[in-house]
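Undergrad: First, the structure itself, so that you have it in front of you.
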Amino acid sequence: MKIALIGVGAIGSWLQERLDPKPVVVRRGDALPMADVVVEVAGHAALAQYGVAALRQGSDLVIASIGALADEALWVSLQQAATRAKILLPAGAVAGIDALAAARLGGLDSVRYSSRKPPASLSNTLPLDRESVVFEGNARDAALQFLKNANVAATIALAGIGFEKTEVRIIADPTLTQNVHVLEASGAFGTFTMNIAGRPLPGNPRSSSLTAMSLLRCIQNRQSSIVL
Ligand SMILES: NC(=O)C1=CN([C@@H]2O[C@H](COP(=O)(O)OP(=O)(O)OC[C@H]3O[C@@H](n4cnc5c(N)ncnc54)[C@H](OP(=O)(O)O)[C@@H]3O)[C@@H](O)[C@H]2O)C=CC1
Ligand SMILES: O=C([O-])CC(=O)C(=O)O
């Protein structure tokens with residue numbers, strides 16, 4: 001299996017060390033190589049630049065920057081390009097996506113998500129002496145306003161009841177050293193609450209280490225005869 005890795009920042013370098021076979025790395029300005037799987041870990045602009053081309057050439061596309069899919073035109077163009085290949089959306093930094101996506105099939109009533117991060121992970125200008133709500137609204141607006149901090153909101157929206165109906169709060173909390181995500185859902189299945197405190201990657205305080213692990217699992221699942 002040939003893997004192309006777009007971006008070698010905090011998540012990309014973690015993956016590069018562990019992927020087997022070793023990936024071909026795509027840096028800014030590089031042409032996209034032919035590959036069985038293209039893994040985007042480079043940001044919204046890189047997904048817009050390479051995503052459609054990857055799918056059109058027949059490469060499965062693993063997306064980390066899921067917040068970019070709040071841009072309806074980009075999301076539609078990726079889906080239209082996926083005729084010979086798959087778009088793979090890993091759960092990333094959050095837990096419970098399997099339950100949420102299953103619950104959707106029986107009918108969901110409400111989905112609420114809150115993200116709490118140390119202020120410096122959100123912005124350099126937030127108060128350091130008290131918590132502050134930096135966003136309250138739906139998942140589409142969260143993803144469009146917080147390009148580097150609302151991938152989880154977008155993943156939850158896509159797995160559950162969509163960008164418009166998913167209620168999101170983003171809170172800066174100076175007492176934290178980890179990224180805390182709380183997901184609450186109710187529907188025909190019952191109710192669940194998921195709470196995860198994710199240790200950030202050393203290279204990027206915004207990105208939880210579980211994201212890199214989740215992407216590795218997604219790529220390994222594609223190779224494996226057992227998918228869990
Ligand atoms: N789905 C999820 O749950 C999560 C998703 N994410 C998302 O994953 C993505 C990667 O995160 P992370 O590794 O922490 O980010 P980093 O900023 O640490 O790394 C991004 C890397 O991509 C490179 N890059 C940017 N644009 C391009 C391009 N056009 N072509 C090739 N390389 C490019 C950057 O290079 P340079 O240094 O030159 O800018 C940098 O090395 C982000 O979009 C982030 O928001 C993060 C956490 C959770
Ligand atoms: O949602 C995001 O973009 C990233 C995030 O909170 C995390 O990695 O914990």
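Undergrad: For Ala35, indicate whether it is within 27 Å of Asn149 (Cβ to Cβ), at pLDDT 95 or above and either aliphatic (A, V, I, L, M) or away from ligand 1 (no atom under 13 Å from the Cβ) (or both).
TA: On the way: within 27 Å of Asn149 (Cβ to Cβ): no; at pLDDT 95 or above: yes; either aliphatic (A, V, I, L, M) or away from ligand 1 (no atom under 13 Å from the Cβ) (or both): yes.
Here the answer is no, as Ala35 does not meet what is asked.
Undergrad: Still on this structure: Which of the residues belonging to region 172-202 are open to solvent by 70 Å² or more (accessible area, probe 1.4 Å) and either away from ligand 2 (no atom under 15 Å from the Cβ) or in a loop (DSSP other than H, G, I, E, B) (or both)? Can you show your working first?
TA: Going through region 172-202, the residues open to solvent by 70 Å² or more (accessible area, probe 1.4 Å) turn out to be 175, 177, 184, 188-189, 191, 193, 195, 199, 202.
If the condition is that a residue be open to solvent by 70 Å² or more (accessible area, probe 1.4 Å) and either away from ligand 2 (no atom under 15 Å from the Cβ) or in a loop (DSSP other than H, G, I, E, B) (or both), then Thr175, Thr177, Glu184, Ala188, Phe189, Thr191, Thr193, Arg199, Pro202 are the ones that fit.
Undergrad: Quick one: Val62 ticks every box in (1) part of a strand (DSSP E or B); (2) within 24 Å of Asn195 (Cα to Cα) except a single one, so which number is it?
TA: (2)
Undergrad: Going by the conditions given, is Arg56 more than 16 Å from ligand 2 (Cβ to nearest atom), modelled with pLDDT of 95 or more, farther than 18 Å from Cys218 by Cβ and of a type outside the set (Phe, Trp, Tyr)?
TA: yes
Undergrad: If you don't mind, another one. Do we have any residue at all in region 39-47 that's on the phi < 0 side of the Ramachandran plot, open to solvent by 10 Å² or more (accessible area, probe 1.4 Å) and among the charged types (D, E, K, R)?
TA: no
Undergrad: Is it fair to say Ala54 is out of contact with any Phe, Trp or Tyr (no Cβ under 8 Å at 6 or more places or on another chain), surrounded by 15 or more Cβ atoms within 10 Å (Cβ to Cβ) and not assigned by TED's automatic domain parsing to the domain that holds Leu144?
TA: Judged against the criteria, Ala54 is a match.
Undergrad: Same structure, new question: So, in region 203-212, exactly how many residues are open to solvent by less than 70 Å² (accessible area, probe 1.4 Å), within 14 Å of the chain's Cα centre (by Cα) and over 17 Å from Ile156 (Cα atoms)?
TA: 2
Undergrad: Right, here's the next one. Kindly list, by first and then second residue, each pair from a residue in region 197-222 that is more than 11 Å from ligand 1 (Cβ to nearest atom) to a residue that is in a helix (DSSP H, G or I) and open to solvent by less than 20 Å² (accessible area, probe 1.4 Å), limited to pairs with Cβ atoms under 9 Å and residues at least 6 apart or on different chains.
TA: Leu216/Leu15; Ile219/Leu15
Undergrad: Inside region 32-53, can you point out the residues that are within 16 Å of ligand 2 (Cβ to nearest atom) and aliphatic (A, V, I, L, M)? Spell out the reasoning first.
TA: Residues of region 32-53 within 16 Å of ligand 2 (Cβ to nearest atom): 40-47.
Correct list: Val41, Ala42, Ala45, Ala46, Leu47.
Undergrad: Picking from Arg140, Arg169, Arg116, which residue would you name as being open to solvent by 20 Å² or more (accessible area, probe 1.4 Å), touching a residue at least 12 places away in the same chain (Cβ under 8 Å), within 18 Å of Ala64 (Cα to Cα) and not in a loop (DSSP other than H, G, I, E, B)?
TA: Arg140
The values are calculated or read from the model by the stated rules, or taken from the named source; none is laboratory data. The structure displayed is predicted, hence computed values, not measured ones. Please note: Cβ atoms are built from the backbone with ideal geometry, for glycine as well, and neighbour counts cover all protein chains shown. Note: areas computed on protein heavy atoms with side chains; ligands, DNA, RNA excluded. Shrake-Rupley method; radii C 1.70, N 1.55, O 1.52, S 1.80 Å.
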